[in-house]
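Just so you know, all these numbers are worked out from the coordinates, no wet-lab data involved. In this text the structure is predicted, and so the values were computed from the model without any measurement. For neighbour counting, all protein chains shown are included, and Cβ atoms are generated from backbone atoms with ideal geometry for every residue, glycine included.
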Amino acid sequence: MKHIHALLSIFAISVLMLSPTHAKDMSGNVIKQHKLSEIATTKIHPKVEDWEDPMICGGCHERQYKGWMGSMHSISFKDPIFQAEWAIAEKETGGQMLELCGGCHTPIGVLTNTVKFDPSLGKHGGFTAEGVAEQGVSCDVCHTAVGSTHASSPYYGSPGNNSLVFSPGNVKYGPIKDAKSPYHETEYSEMHTKAEFCGNCHNIFHPTNKFPVEHTYDEWKMTPYAQAGIVCQDCHMVPVETAMRVADEMTRPKDLKDHGLGGYAGMGAEQERSLVHDHGFVGGNAVIAPLLGVEGGEEHKAEAIKRLQSVASLDMNVRPLDKNGTYELNVKVTNERAGHQMPTSLTFMRQIWLEVVVKDQTGNVVMTSGQPDEHNNLPEGTVIFRNRSVDANGKDTIDPWKIAGFTEMNTIPPKGHRFGTYAFNTLGTFTVEAKLHYRSYPQKVANKLLGKGIVTVPAIEMASMQRSFDQRGRMLAEENRPEKVARADERLN
Ligand code: HEC
Ligand code: HEC
Ligand code: HEC
Ligand code: HEC
Ligand code: HEC
């Protein structure tokens with residue numbers, strides 16, 4: 001694949017363009033450092049042992065360790081959905097995707113050149129890595145990161161495609177200015193407190209056509225949250241209840257009254273800190289951690305469900321289109337609390353959709369939409385909030401290495417809304433029930449990647465509401481009306 005060689009030379013160019021300051025750490029010391037881009041071109045590899053096992057960190061940082069264990073970061077390499085996609089990519093490109101995909105999912109495996117592909121493992125083949133490289137985005141991946149090459153990234157200066165620079169060793173880089181540890185040296189790093197830090201991996205552009213396949217960081221940048229200085233860490237490194245307050249009060253956790261997140265950052269610390277960060281990095285994935293049975297996986301699932309149920313609100317109205325009982329129904333979905341589009345990242349794979357049931361006054365169903373069929377597939381016409389991705393020939397594809405564009409963009413912006421619109425016919429009064437669901441992938445994708453009958457992809461109900469209307473489309477009564485919907489309602493008026 002000559003395309004991919006083009007990628008590597010782009011990376012080489014970006015390395016050559018680095019300013020000399022990149023060879024120094026934050027305090028100006030010249031350091032031993034590793035860039036993925038450099039490794040790819042020069043083939044000089046550090047050793048797996050240069051990074052420490054999270055279990056060692058867990059001895060003193062129990063709270064961070066527990067959260068991280070249950071998180072998607074600890075299993076970003078082992079994740080079977082990821083490995084299956086990666087294996088298909090490896091096969092289809094003749095072995096050109098090892099470093100690109102691995103660069104974020106097992107940065108250490110790629111930096112040390114120890115990750116290997118074995119086509120005989122699993123349905124499509126599988127990957128193996130050694131020691132700490134198996135543990136994905138581990139403590140030392142983040143806390144030995146000393147800088148980023150993003151200023152010279154080919155993607156107009158945004159961070160992405162793991163543009164981090166690493167300096168593994170005894171110095172741990174973090175957000176505390178006067179940290180003292182009996183085990184390791186510490187160094188204050190402003191980078192760790194910024195959204196750009198996360199953006200290094202949470203922005204993915206196609207290596208050759210440069211298409212921004214995933215763009216969570218870029219989405220965030222255009223939101224009122226970014227304007228208010230609210231970063232990824234403020235929602236994803238605190239409990240869900242705190243993140244809800246952050247979004248409602250538009251205030252960073254450290255400035256919230258009585259946030260109750262203080263404590264010791266590690267065993268042997270000399271003083272308590274006013275805010276110690278959660279390391280569960282809870283998003284929407286409630287499938288993989290429990291599937292792999294990792295420690296803390298069930299807690300992670302519960303938090304992910306709680307997070308999904310805290311994001312969106314529903315509202316609705318109906319309008320008679322004629323005097324014969326034809327109505328237009330508009331269901332309004334508002335992204336109340338996600339700091340980026342809803343859904344974000346794999347917007348071409350994640351599904352957030354509306355299920356709607358209309359019943360007449362005798363309880364007969366007159367219209368349904370968005371109810372999964374017996375194969376757990378969504379019917380034609382379902383309103384799905386997602387992007388539709390195509391390859392260079394305009395053919396539908398969800399394979400990241402083929403995506404060249406989006407032909408439909410229907411994700412919901414932060415504090416913004418979209419409508420699902422329906423038509424139906426009924427006589428007399430009627431009732432509308434609407435539910436918003438989330439699932440990580442369509443059933444067809446799970447069947448293709450994991451094999452048929454391995455998992456039934458679960459749907460998580462994010463929000464629901466029910467309303468009754470008279471013939472003129474005026475609201476009669478309402479049930480199950482949560483408080484946050486009332487706020488959305490006020491905005492509608
Ligand atoms: C995905 C990156 C990432 C991983 C993985 C990670 N951390 Fe952190 N950690 C951070 C960031 C970012 C902060 C600072 C957050 C802020 O101040 O906004 C932080 C803060 C800390 C702090 C300072 C105290 C605090 O909580 O604010 C300690 C100690 C720490 N991490 C230890 C660990 C340990 C131990 C592990 C592994 C069990 C780990 N981290 C894994 C990103 C990470
Ligand atoms: C720039 C970093 C980066 C690169 C490069 C990257 N990924 Fe990812 N990948 C991510 C992040 C971040 C997520 C999590 C997004 C989320 O869950 O919302 C993810 C999630 C996934 C998932 C979903 C896993 C699940 O359980 O739902 C799949 C599949 C995946 N990646 C495949 C790939 C493949 C294949 C490649 C190479 C062609 C690749 N990734 C390259 C960062 C990256
Ligand atoms: C023997 C106990 C011990 C072990 C083991 C340990 N730490 Fe620490 N660490 C501490 C203490 C104590 C602090 C200081 C906390 C403070 O001052 O509030 C600290 C601070 C930190 C900080 C904050 C640095 C800053 O300036 O913000 C990070 C990050 C960190 N540790 C990461 C790690 C990682 C990663 C590992 C595993 C490779 C690890 N620690 C192992 C005790 C330990
Ligand atoms: C070295 C790359 C890297 C860095 C840095 C990084 N992440 Fe991730 N993150 C990943 C990968 C890879 C995954 C996906 C794992 C999977 O789905 O298999 C992920 C998953 C996540 C998820 C879970 C998504 C879901 O679907 O539930 C959240 C939330 C998240 N990251 C937030 C953050 C935040 C916040 C930061 C910054 C403090 C950060 N990440 C820094 C690589 C990274
Ligand atoms: C105001 C709070 C807030 C901020 C700021 C925020 N997020 Fe999120 N994030 C959420 C919520 C709520 C969800 C769950 C709903 C969803 O999936 O869209 C989420 C979901 C995610 C997911 C999982 C998406 C999926 O469904 O696969 C990832 C990955 C993620 N965020 C990363 C980030 C990164 C990276 C940043 C910073 C650039 C960030 N978030 C900023 C609240 C926030």
May I ask you to list the lysines whose Cα is less than 28 Å away from that of Lys415, ignoring any residue fewer than eight positions away on the same chain?
Lys194, Lys221, Lys254, Lys257, Lys301, Lys306, Lys332, Lys435, Lys484
Sequence order, segment 344-352: Karplus ³J(HN,Hα) from phi using 6.51 cos²θ - 1.76 cosθ + 1.60, θ = phi - 60°, Hz rounded, Gly and Pro as x, gives 10, 6, 7, 5, 8, 10, 4, 10, 10
Please rank Asp178, Asp360, Asp140, fewest neighbouring Cβ atoms within 10 Å first, as an exposure proxy.
Asp178, Asp360, Asp140
Using only the alpha-carbon atoms, how far is helix 483-492 inclined from the longest principal axis of the chain? Give it as 0 to 90 degrees, nearest 10.
70 degrees
Around Leu261, with a cut-off of 14 angstrom between Cβ atoms, what is the net charge of the other residues, counting Lys and Arg +1 and Asp and Glu -1?
0
Can you compute the helix-only [θ] at 222 nm over the chain? Use -39500 (n - 2.57) per DSSP H run of at least 4 residues, normalise by all residues, nearest 500 deg cm²/dmol.
-7000 deg cm²/dmol
Antiparallel DSSP beta bridges within the chain, percent to nearest 5
95 percent
Row for segment 251-320, column shape: gyration tensor on C-alpha, a ≥ b ≥ c, rounded if a/c < 1.5 i.e. under 1.5, prolate if a/b over b/c, else oblate; value oblate
Mind ranking 101-110, 237-246 by how tightly packed they are, going by the mean number of other C-beta atoms within 10 angstrom, highest first?
101-110, 237-246
Highest average packing first - 160-167, 431-438, Cβ atoms within 10 Å:
160-167, 431-438
Provide the net charge surrounding Gly67, with neighbours chosen by a C-beta distance below 13 Å and charges set as Lys +1, Arg +1, Asp -1, Glu -1.
-3
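Just want to confirm a number: the relative contact order over segment 311-492, from Cα pairs under 8 angstrom separated by 6+ residues, in percent. Intermediate values should be presented prior to the final figure.
Numbers: 401 pairs, mean separation 50.1, N = 182.
Once normalised by length, the contact order is 28 percent.
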Here the equivalent ellipsoid of the chain, derived from its Cα gyration tensor, has semi-axes (largest first, whole Å) of 42, 27, 20
Log10 I(q)/I(0) at q = 0.08 Å⁻¹ for segment 311-492, from Debye over equal alpha-carbon scatterers, is -0.29
Can you sort Arg273, Arg350 by how many other beta carbons sit within 10 Å, fewest first?
Arg273, Arg350
Tilt, helix 297-308 to longest principal axis of the chain (alpha-carbon atoms), in degrees rounded to tens, equals 50 degrees
Please report, in debye to the nearest 20, how large the charge dipole of the chain is about its Cα centre when each Lys and Arg carries +1 at its beta carbon and each Asp and Glu carries -1 there.
940 debye
Provide His124, His34 in ascending order of the number of other Cβ atoms located within 10 Å of each residue's Cβ, fewest first.
His124, His34
Using Cα positions and a limit of under 14 Å, work out the aspartates and glutamates in reach of Lys116, with same-chain residues fewer than 8 apart set aside.
Glu90, Glu99, Glu130, Glu134
Virtual paramagnetic centre 7 Å along Cα→Cβ of Glu241, amide N under 18 Å, in segment 286-316:
299-311
